[in-house]
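Below you'll find the structure, written out as structure tokens, and then a few comments.
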Amino acid sequence: MDKKKQGIALFITLMVIASIMSIIAVSFSYLEKAQKDAGKTSAIIQGDLLYNNTVEILKRFFPAKSNNSDKLEILYSTPLPLNEPKSGFSLTISCQPLMRGVPISWLDDSFTKKVPQKTDLAKKILQNIMEQYEIEDPNQLEELIFKAISAKPLDNEEYRPRVRAKKGIISKEQFNRILVDYMFKTDDKKALTIPWDKYFTFTTVDNKTKIDGVYLSTEFISVAFDIPIEIVQSDWNPQEMTLVEFLKQNGISKPINKNIYSNKALNAMNCETTYTYKKNQYGFNFNYIDGRSGNFEFKEQ
């Protein structure tokens, strides 16, 4: 065989080897991905089991329609760790008051027919926030929020869903999409910097829904009752005084609307759970309201 033929044979051999190596590399990459996906799937299943067990524990410790103020104070101040040395399993649960602001769905008066003052309060909070943070196009932002609450399709939707969306804004993620849509329409990024969850609550509501009259955010109190934020931050302490006492201390003697604010801490909380699975960190969030749970969201750390 002459040198030319030997060179061609060597070239073909090298091409075949290169092809085989590339196939092997792709196969290993798919195998690695499959292993990771399988691990994540197992972690999700594990998270679902932990979620169900966690909810059952909360039902046991915070019975519906009961006054659990003392236990809630402990839960809100201290994350609860759980460790199992033999398996290396660890779990941490931390919860915060859920109804510390006005439910944003109250902006739609169809949710507040029996207590129209709820809508008045929600509109006041929204207007004050947009003025305080100098939103450039408040009408546009307000329109987008109202459309989302009423489940009306947006103008830029290319199709209408066959199944009509439920009314209301029930999660912070849902509200964040509204803010992003507003930013693209107006190029106003300030709406994304507002701590909305300190003024509003994003959850399902019904005729009995109230704001937690004990665990209110300082930002909400300031806007709702027209008290300078500096005063609220320095003087408001729910463990030492009631909301009524605090308001009287600041010259507000008007009775609190008991249809809007609870007179005791509500069994309504947002909980975040983190856990380890095969040396990786995972977690999930959910809301717990008087024996019911919802808004489950799995997270990979």
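Bear in mind these aren't lab numbers, they're just calculated from the coordinates by the rules spelled out. All figures in this text were calculated on a predicted structure; none of them were measured in a lab. Note that we place each Cβ from the backbone using ideal geometry, even for glycine, and neighbour counts take in every protein chain shown.
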Worksheet item: Roughly what would the spin-label model give for ASN52 and ILE229, points 7 Å off Cα along C-beta, in nm?
Response: 4.4 nm
Worksheet item: Please state the Cα pair-distance histogram of the stretch 102-209 with 10 angstrom bins from zero: what percent is in each bin?
Response: 14, 48, 31, 6
Worksheet, complete the sentence: Note to self: C-alpha centroids of the stretch 208-237 and the stretch 87-142 sit apart, in Å, by 13 Å
Fill in: Separation of alpha-carbon centers, the stretch 279-301 and the stretch 171-188, rounded to whole Å
23 Å
Worksheet entry | Label-to-label distance, nm, for residues given as ASN67 and GLU134 (7 Å Cα→Cβ offset) | 4.8 nm
Worksheet item: In nanometres, what is the gap between the two model label sites at LYS254 and ASP290, each 7 Å from Cα along Cα-to-Cβ?
Response: 2.6 nm
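Give the relative contact order (percent, whole number) for the stretch 102-209; include only Cα pairs under 8 Å separated by 6+ residues.
Values: 102 pairs, mean separation 40.2, N = 108.
Across the stretch 102-209, relative contact order equals 37 percent.
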